[in-house]
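Before any comments, here is the structure.
Every number in this text was worked out from the coordinates using simple rules, so none of it is lab data. Because the structure is a prediction, the values reported are computed rather than measured. No Cβ is skipped: glycine too gets one built from the backbone with ideal geometry, and neighbour counts run over all protein chains shown.
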Amino acid sequence: MQQRRISDTDIDTDEDTNTIVGTYPARPPIVTIMGHVDHGKTTLMDALRRNTKNIAGTEAGGITQIISAFQVDLDGQDEKITFLDTPGHAAFKAMRQSGSHAADVIVLVVAADDGISEQTVEIINFYKSIVKGSSDSGISMVVAVNKIDKPGIDAEEAKMRIENQLLEYGIISEGMSSEGSEFGQPVQVIPTSGITGAGLDDLMEGLLLQSEVMDLRADDQANGEGIVMDARQEKGLGVVADCIIRWGKIEKGDVIISGDQVSQVRMLKDVSNKMLEKGLPSQPVRIIGFKSLPKAGDPIMVVASEEIAEEMLEQRRAIDPSTSDRPDGAGSDAALPKADGTVRIPIIVKADADGSLTAVRESLLNIGEDSKHTVVIDPIMEGIGEVTMSDIQMAKQSEATIFAFGSKRTDQTIINLAESEGVSICSNNIIYSLLDEARDVLGAYLPLIP
Ligand code: GDP
């Protein structure tokens, strides 16, 4: 089925009051540093991290522990940047595995004395594959021209040289043009040195600017959703998982689902091991309480109670092909004509309120009934609020289409996840338009109907 994207027009104006509805609070950018081996990623990261007064909650004396993310707090401005501290290829993997981009911004490190190498090109191509042709891919890039302290290096000259090289690979820099290309908006190119610290402030300012342009926001009140960055067993604690919160909040005591395990957040810590009561969007947190080891890249989500969590897993198992007892092994019979010729179309309905949920569900059911064909629209799950990761997982497993009404703003992570999982989301704040979309979806099933 054709993937449908949630368009910008979903951030609708309220016709009665003519005000923009639903703007969630800004959240810090999540940044990953990538580049050719030896171009200075580790040194740059250490320099950012070592500046201990800038690091939220870090005890003096340096950090010996390997942590997979940290948050830099810019002096007194209450502006934070989250850095994912994963080696380049692990970061690729985590991004691909989770089907969403763990990061918002890639800092591409290019050594001034070496220029663009084969590995740099690999990263550029990875970036281009994500952003190509998309007006809102949810990821952007900033280039750090590094090692500008080296003898014989002129920072401005190196910057221009690398800007020219980038252009050869289709990446337009701000210094070149204000017009973007099919590979996104022009990128900032910032000279830096991890050794002397030159340009690090510019880099951080640049990242904050980038995050403003991207208008990164998230609901900080909703049930939390995030991604596991790293997990391990620790003596006396059990499973310790470093996670990034992408949406909502995670609190001590919360029930979380990850994969097919239901766990409780027994302890929540920041990355320097300080106890937390709750974590907020873009914050890296340590979660203690997982029953078994989750994998890097696994999504996690908070659910209201253990009963609900078990119910959700039960539902999942019921439609999981591996647990199906059908002789052909197919778990979902979506869109397959049954013996009596009817075709079942599974849907997931989300709406902004109870009343609208009922109205949308009933209208969708009517479409099925009005159809000249023997189509049964089957709402397998419904709920109030934005489309969540669990909705997408559910939709994927049951081959359902998601219908969202009155959505304020769907997080880019969710849109990306849906895209990578091949899940269609029809989102509209006007019910007639949503029903039109539903008729289109139905149309896609018609060739299957005998
Ligand atoms: P990575 O492989 O990209 O993580 O690179 P490293 O951070 O390990 O750095 C590789 C080498 O380059 C080390 O010998 C560093 O000391 C050196 N290096 C890294 N950053 C700089 C820099 O800004 N200036 C200079 N002069 N040397 C650097």
*asked:* Given the C-alpha atoms of segment 168-249, compute the convex hull and give its volume per residue in Å³.
replied: 198 Å³
*Say R0 is 22 Å: what FRET efficiency, to the nearest 0.05, do residue 366 and residue 315 get from their beta-carbon distance?*
0.30
_Sort 309-315, 34-40 by the packing proxy (mean of other Cβ within 10 Å over each peptide's residues), most packed first._
34-40, 309-315
*In debye, nearest 20: dipole of segment 114-178 around its Cα centre with unit charges on the Cβ of K, R (+) and D, E (-)?*
160 debye
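Normalised by the empirical 2.2 N^0.38 Å for globular proteins, what value does the Cα Rg of segment 216-274 take?
For segment 216-274, the normalised Cα radius of gyration is 1.15.
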*So what's the net charge close to residue 175: Lys and Arg +1, Asp and Glu -1, counting the other residues with Cβ under 11 Å from its Cβ?*
-2
*If you stretched the chain out fully between residue 121 and residue 167, how much longer would it get, using 0.36 nm times the residue separation minus the C-alpha to C-alpha distance?*
15.4 nm
*Give the Debye-formula value of log10 I(q)/I(0) at each listed q (0.19, 0.22 Å⁻¹), with one equal scatterer per alpha carbon of segment 111-260, two decimals each.*
-1.15, -1.34
*Restricting attention to segment 213-291, which trypsin sites (Lys or Arg not before Pro) occupy a DSSP loop and are surrounded by at most 15 other Cβ atoms within 10 Å?*
235, 266, 274, 291
*asked:* Quick check: convex hull over the Cα atoms of segment 112-155, volume per residue in Å³, rounded to an integer?
replied: 79 Å³
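Could you compute the net charge surrounding residue 266? Neighbours are other residues with a C-beta less than 15 Å from the C-beta of residue 266; K and R count +1, D and E count -1.
0
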*At a Förster distance of 30 Å, what's the computed FRET efficiency of residue 160 paired with residue 78, Cβ-Cβ distance as r, to 0.05?*
0.25
